[in-house]
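> Below you'll find the structure I mean.
The values are calculated or read from the model by the stated rules, or taken from the named source; none is laboratory data. None of these values were measured; they are calculated from a predicted model. Note that we place each Cβ from the backbone using ideal geometry, even for glycine, and neighbour counts take in every protein chain shown. Heads up: the accessible areas ignore ligands, DNA and RNA and are worked out on the full protein's heavy atoms, side chains in. Shrake-Rupley method; radii C 1.70, N 1.55, O 1.52, S 1.80 Å.
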Amino acid sequence: MRTVVVGASSGLGRCIGIGLAQRGDQVALLARRRSRLEDAAKEAGPGTLAVECDVTDEASCRSAIEEAAAGLGGIDALVYAPGIGPLVKLVDTDADTWRRVFDTNVTGAALVTAAAVPHLAASSGAAVFLSSVSASQTPPWPGLGSYAVSKAALDKLVEAWRAEHPDIGFT
């Protein structure tokens, strides 16, 4: 399996990327922080690609996906793991914070996926997005309202991708 893991320099994305590579997948690890990516790629093992990608920048998303697809010989799976959740009450959440949260948690997922769709369609692949129980299964936690709202939007984004591209598995 040729898998692209976005948000792979830390947290769940790093764990998923390293785990997939160690079990035998061909993996491209994508994130902003180059030195952390290179450390993760070394831990994952030989052949793991480290590709710099800023999910808040459309050109970066497109070039990173193309570099990953070229290096892997295609893409069978995409894992989108980035997520930020600033601890701030809604009444104190300014426009820049809202933009940063949505740019990372929702818009970045849309941009990366749009770039990957031709590759995923060619391989009858799948895209997996890390969401949160705070999006639909629990009440929002005080101070994490912008995070919960963005993850609910991410869930709806996945439904929209699924409706437009039934040939690709979206989860």
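> Of the residues in region 1-57, how many are among the hydroxyl-bearing types (Ser, Thr, Tyr), more than 17 Å from residue 108 (Cβ to Cβ) and part of a loop (DSSP other than H, G, I, E, B)?
Looking only at that region, the number is 1.
> Now a separate question. Out of (1) open to solvent by less than 20 Å² (accessible area, probe 1.4 Å); (2) under 13 Å from the mean Cα position of the chain (by Cα); (3) not β-branched (Val, Ile, Thr), what's the single condition that is false for residue 54?
(1)
> While we're on this one: Can we say residue 83 is in contact (Cβ under 8 Å) with a residue 40 or more places away in the chain and touching a helix residue (DSSP H, G or I) at 6+ places or on another chain (Cβ under 7 Å)?
Criteria met by residue 83.
> Does residue 28 satisfy the criteria of being among the aliphatic types (A, V, I, L, M) and farther than 25 Å from residue 101 by Cβ?
yes
> Collect the residues in region 76-116 that are charged (D, E, K, R), closer than 18 Å to residue 65 by Cβ and either part of a helix (DSSP H, G or I) or touching a Cys at 6+ places or on another chain (Cβ under 8 Å) (or both), keeping them in residue-number order.
103
> Another question, if that's okay. For region 58-75, name all the residues that are open to solvent by less than 20 Å² (accessible area, probe 1.4 Å) and assigned to a loop (DSSP other than H, G, I, E, B).
74, 75
> So residue 5 passes all but one of these: (1) under 18 Å from residue 67 (Cα atoms); (2) open to solvent by 30 Å² or more (accessible area, probe 1.4 Å); (3) at pLDDT 95 or above. Which condition number does it fail?
(2)
> Given (1) within 22 Å of residue 115 (Cα to Cα); (2) surrounded by fewer than 23 Cβ atoms within 10 Å (Cβ to Cβ), identify the lone condition not met by residue 35.
So residue 35 meets the others, but not (1).
> Residue by residue through region 79-129, note down the ones that are in contact with a strand residue (DSSP E or B) (Cβ under 9 Å, 6 or more places away or on another chain), within 18 Å of residue 63 (Cβ to Cβ) and surrounded by fewer than 16 Cβ atoms within 10 Å (Cβ to Cβ).
Answer for region 79-129, where residues must be in contact with a strand residue (DSSP E or B) (Cβ under 9 Å, 6 or more places away or on another chain), within 18 Å of residue 63 (Cβ to Cβ) and surrounded by fewer than 16 Cβ atoms within 10 Å (Cβ to Cβ): there is none.
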